[in-house]
Amino acid sequence: MLKLFKLFNNKRLFILLITLVMFIVVMGFSLGQRKNLSWPENFLRDTTGFVQNLFYKPAGYVAGLFQDIGNLHDLAEENKRLKILAAQYARDKAQYNFIKARNEQYKIDLEFTEAQKNLYNYEYHIANVVSLTTEPSNSMLVIDLGAKDGIKLNMSVTSVEGLVGVISNVSNFTSTVKLMTMMDINDPNSQPAIAATVFNKEGETFGMIEKYDQQTGMLMMNKIPAGNPVAKDDLIISSGIGGLYPLGMTIGTVQEVKTGEFGLTSTAIIKPAAGFQDWKELFVVFTEERAE
């Protein structure tokens, strides 16, 4: 008994003993199966959840804000790349359409030259139009073929539709074409008159195209002998007589036939086959004599 009282009189040992007993009781209580938490545990859990909610939600909003800012930056970069791609696509599409249109035109040009070669065995050198002047007193254009390409004065120039004019001036790299719209028998600077005939009636018809009427836009074919079977809708071509204009150059279609001066000849009103438009390409006609 004396030893027991001495033990209780030792405060440190007594506190340690009480603590150990409480720890064992708490451990036993915690390890046991319970359906509900104790109120201290509930209080502690609710307090912890409330504090976490106070800090986690604002932190989540801030983190989401920085993530959205990062997404906006990525979106801006992507839009920039898409704008560049769209601009490249528009440029490539325009270039493609231009090349496609030129290829289609070249197909038409090639078919024309092949047909003409087979018909009259001439060489057709394609030329690009550099400039065009359509003033009534000075209708001419400039092409990108010159003396270095074998171009000579008075060579005929034609479009796919029909005769356009003749070469009136030649330099090393370019040439000037005087259009048929400048044709006037009373003008000494006019291009030479064209000896003409009717297609498929070459041995029966003849006339001289000497004037272009600025008011009506028609060519005048004069000096048609009486009895020549020139009629409306006939196709007029160059006859090759005189050697200046090659045989078979398409000139236009007869719109009307009138009686000429003194009733001895007839005059045909001809609508030009060439549209005298804003051409991109024309052809210079090389005959065997001109090519030499």
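The values are calculated or read from the model by the stated rules, or taken from the named source; none is laboratory data. Note that this is a predicted model, so its numbers are computed, not measured. Here Cβ is always computed from backbone atoms with ideal geometry, including for glycine, and neighbour counts include all displayed protein chains. In case anyone asks, the SASA skips ligands and DNA or RNA and just uses the protein heavy atoms, side chains included. Shrake-Rupley method; radii C 1.70, N 1.55, O 1.52, S 1.80 Å.
Note on the stretch 218-230: residues that are farther than 14 Å from Gly252 by Cβ and open to solvent by 20 Å² or more (accessible area, probe 1.4 Å) amount to 7. Scanning the stretch 200-217 for residues being open to solvent by less than 40 Å² (accessible area, probe 1.4 Å) and of a type outside the set (Asp, Glu) gives a total of 5.
Of all residues in the stretch 152-193, those satisfying the criterion of being of a type in the set (A, V, I, L, M, F, W, C) and part of a helix (DSSP H, G or I) are Met180, Met182. Looking across the stretch 214-243, just one residue is of a type in the set (Gly, Ala, Ser) and part of a strand (DSSP E or B), and that is Ser238. Counting the residues of the stretch 184-212 that are in contact with a helix residue (DSSP H, G or I) (Cβ under 9 Å, 6 or more places away or on another chain) and among the β-branched types (Val, Ile, Thr) gives 2. Counting only residues that are under 18 Å from Gly260 (Cα atoms), out of contact with any Asp or Glu (no Cβ under 7 Å at 6 or more places or on another chain) and not aliphatic (A, V, I, L, M), the stretch 186-211 holds 6 of them. Considering the stretch 108-144, the residues that are in a strand (DSSP E or B) and polar (S, T, N, Q) include one that is modelled with the lowest pLDDT, namely Thr134.
Apart from one condition, Ile224 fits all of (1) in contact with a Ser or Thr (Cβ under 7 Å, 6 or more places away or on another chain); (2) under 19 Å from Ile167 (Cα atoms); (3) modelled with pLDDT of 90 or more; (4) hydrophobic (A, V, I, L, M, F, W, C); the exception is (2). Within the stretch 147-160, residues that are farther than 12 Å from Thr287 by Cα reach partners that are of a type in the set (S, T, N, Q) and assigned to a loop (DSSP other than H, G, I, E, B) with beta carbons closer than 8 Å, at six or more positions or on different chains, in the pairs Ala147/Ser171; Ala147/Asn172; Lys148/Asn172.
Annotation: of all residues in the stretch 235-246 being within 18 Å of Pro272 (Cβ to Cβ) and among the β-branched types (Val, Ile, Thr), the one that is surrounded by the most Cβ atoms within 10 Å (Cβ to Cβ) is Ile236. The set of residues in the stretch 247-284 that are out of contact with any His (no Cβ under 6 Å at 6 or more places or on another chain) and either surrounded by 22 or more Cβ atoms within 10 Å (Cβ to Cβ) or aromatic (Phe, Trp, Tyr) (or both) comprises Met249, Ile251, Gly252, Phe262, Ala268, Ile270, Pro272, Ala274, Phe276, Trp279, Leu282, Phe283.
Close contacts from the stretch 202-213, counting a first residue that is over 15 Å from Gly248 (Cα atoms) and assigned to a strand (DSSP E or B) and a second that is open to solvent by less than 80 Å² (accessible area, probe 1.4 Å) and among the hydroxyl-bearing types (Ser, Thr, Tyr), with Cβ to Cβ under 6 Å and a gap of 6+ residues or different chains, come to Tyr212/Thr181. Pick from the stretch 164-178 the residues that are open to solvent by 30 Å² or more (accessible area, probe 1.4 Å) and in contact with a helix residue (DSSP H, G or I) (Cβ under 8 Å, 6 or more places away or on another chain): which of them is nearest to Thr250 (Cα to Cα)? Top of the filtered list is Val170. For Thr197, the criteria (1) among the polar types (S, T, N, Q); (2) in a loop (DSSP other than H, G, I, E, B); (3) modelled with pLDDT of 90 or more; (4) open to solvent by less than 30 Å² (accessible area, probe 1.4 Å) hold in every case but one, which is (2).
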